[in-house]
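Just below is one structure, and these are the notes that go with it.
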Amino acid sequence: MELRIRNLSKTYANGVVALDRVTLTIPAGMFGLLGPNGAGKSTLMRILATLQECDSGSVFLDDIDVLDEKDEVRRMLGYLPQDFGVYPKVTAYELLDHFAQLKGVSNKARRREVVDGLLQQTNLWEVREQRLGTFSGGMRQRFGIAQALLGDPRLIIVDEPTAGLDPQERVRFHNLLSDIGEDRTVLLSTHIVSDVADLCANMAIINKGQVLLCGEPQDLIYGIEDYIWARVVTKQELPEFQKRYAVISTRLLSGRTLIHVYSEDDPGEGFEPARASLEDVYFATIAGRYNPAAGTC
Ligand code: ADP
């Protein structure tokens, strides 16, 4: 299964250009769409999920025209929106059973089988009789995945699913996504670099409605590997370094500041070559420092 997005654009009524000729090819497996808040990720996800109209462009899921054949797409799609709300007073079992009915699983025995299976798969079986209002953020997101998996969709879209999860819940959620990504296409939008680094075979970076970079995370890291330099500076020195170098990230380290700069030559001045990471790729790209010849996304 392949999702092909071509020149997709969307401008909101207030003049904000949310998507600017987005072109991306998303193969089977896990695909990470990485970008800061406001980059246009949710707009793209909603258009792909057939919940919002675009202004121009095309989207094909194999030979299905996503912008036109919406019912067809909905049959193949599972979607976990960013603001997934649940009814706090009903139990996980009741709500999933209700969603299954809405999805057309009318046979009671079959529904029970489906709902039981999904609650087990998402590790919610033990808490199935608890009200959703008592669920932690991580449990709620796993419930969101359970409902997205109803109908056994081939394409799953998850919008910022790990925002607000604690580290343990994030690991658990990653494991779940990685399981479901084994035999499906999963499109994961996130502003958290480690979501993509941990999970995705392919990725793209989006900012201000434009795709800046795409490829396999490891290749993108290779592409930048000789250009990242690190140094510890004091707080007082930082502004001067920011003026003179392409500082792509700053991080506190035992009360001092570790900076990474992008430079094609050795900057000297106490900088050491740093081992490049996906975070460096991301920050250098967003800062406009890293812009390899536009690949075929
Ligand atoms: P992301 O999901 O990456 O945070 P969004 O797609 O939510 O990005 O938003 C992209 C841009 O479009 C932002 O500048 C946002 O403020 C704007 N935007 C989103 N929804 C609307 C809307 N309904 N009306 C006007 N502007 C919007």
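A few points about this structure:
- Links that overshoot a 32 Å alpha carbon limit, given the list LYS41/LYS103; LYS41/LYS108; LYS89/LYS208; LYS70/LYS108; LYS10/LYS89; LYS70/LYS208: LYS41/LYS108; LYS89/LYS208; LYS10/LYS89
- Spatial extent of the range 1-93: Rg and Dmax, with the Cα atoms as the point set, Å: 14.6, 43
- Carbon plus sulfur fraction of accessible area for the range 221-286, probe 1.4 Å, in percent: 47
- About the Cα centre, charge dipole magnitude for the range 81-152 (Lys/Arg +1, Asp/Glu -1 at Cβ), debye: 120
- Rounded to the nearest 0.05, the FRET efficiency derived from the C-beta distance between ASP55 and LEU102 at R0 = 41 Å is 0.85.
- Potential extension, GLU94-ARG251 segment - 0.36 nm per residue separation minus Cα distance: 52.0 nm
- Dipole magnitude (debye, nearest 20) for the range 7-91, charges at Cβ of Lys, Arg, Asp, Glu: 440
- The chain: C-alpha pair distances exceeding 24 Å, %: 57
- In the chain, the longest principal axis of the Cα atoms and the axis of helix 92-102 are about 70 degrees apart.
- Helix 167-180 vs. the chain, principal-axis angle (Cα, 0 to 90°, nearest 10): 60
- Estimated translational D of the range 173-297 in µm²/s (Stokes, Kirkwood radius over Cα pairs; 10 °C; 1.306 mPa s): 100
- Taking amide H as placed 1.01 Å from N in the peptide plane, ALA201 has its amide H under 5 Å from the amide H of MET30, each at least 5 places away in sequence or on another chain.
- Residues in the range 75-80 carry Karplus couplings, in order, of 5, 9, 10, x, 9, 10 Hz; the curve used is 6.51 cos²θ - 1.76 cosθ + 1.60 with θ = phi - 60°, and Gly or Pro positions show x.
- Percent accessible area from carbon and sulfur atoms, the range 1-158, protein chains only, probe 1.4 Å: 46
- Across GLU237, GLU216, GLU69, mean-square fluctuation computed from a Gaussian network of the chain (C-alpha pairs under 10 Å connected) peaks at GLU237.
- For the chain, CYS54, CYS200 have no disulfide-compatible partner, since no other Cys C-beta lies under 4.7 Å from theirs.
- Rounded to whole Hz, the Karplus (6.51, -1.76, 1.60) HN-Hα couplings of the range 8-15, x for glycine and proline: 7, 10, 8, 10, 6, 4, 7, x
- In the elastic network of the chain, a GNM with C-alpha springs shorter than 10 Å, the most mobile of GLN147, GLN210, GLN242 is GLN242.
- Projected label distance in nm at ASP179 and THR11, using a 7 Å step from Cα toward the beta-carbon: 4.6
- Applying the Karplus relation 6.51 cos²θ - 1.76 cosθ + 1.60 with θ = phi - 60° to the range 239-252 yields 3J(HN,Hα) values of x, 5, 5, 5, 6, 8, 10, 7, 6, 9, 7, 10, 9, 6 Hz, where x marks Gly and Pro.
- Extension gain (nm, one decimal) between ASN37 and GLU216, 0.36 nm per residue minus Cα-Cα: 62.2 nm
- C-alpha long axis of helix 137-148 to longest principal axis of the chain, angle in °: 60
- Computed extension gain for LYS70 through VAL232, at 0.36 nm per residue and net of the alpha carbon distance, reaches 53.0 nm.
- Accessible surface computed residue by residue for the range 167-297, with neighbouring protein chains in place and a 1.4 Å probe, gives 53 Å² per residue.
- Within the range 198-293: Cβ-based charge dipole about Cα centre, in debye rounded to nearest 20 (Lys, Arg +1; Asp, Glu -1): 520
- Förster radius 30 Å - calculated FRET efficiency between GLU2 and ARG110 (Cβ-Cβ, nearest 0.05): 0.45
The values are calculated or read from the model by the stated rules, or taken from the named source; none is laboratory data. Keep in mind that what you see is a predicted model, and the values were worked out from it rather than measured. For neighbour counting, all protein chains shown are included, and Cβ atoms are generated from backbone atoms with ideal geometry for every residue, glycine included. Calculation scope for accessible area: heavy atoms of the full protein, side chains included, ligands and nucleic acids excluded. Shrake-Rupley method; radii C 1.70, N 1.55, O 1.52, S 1.80 Å.
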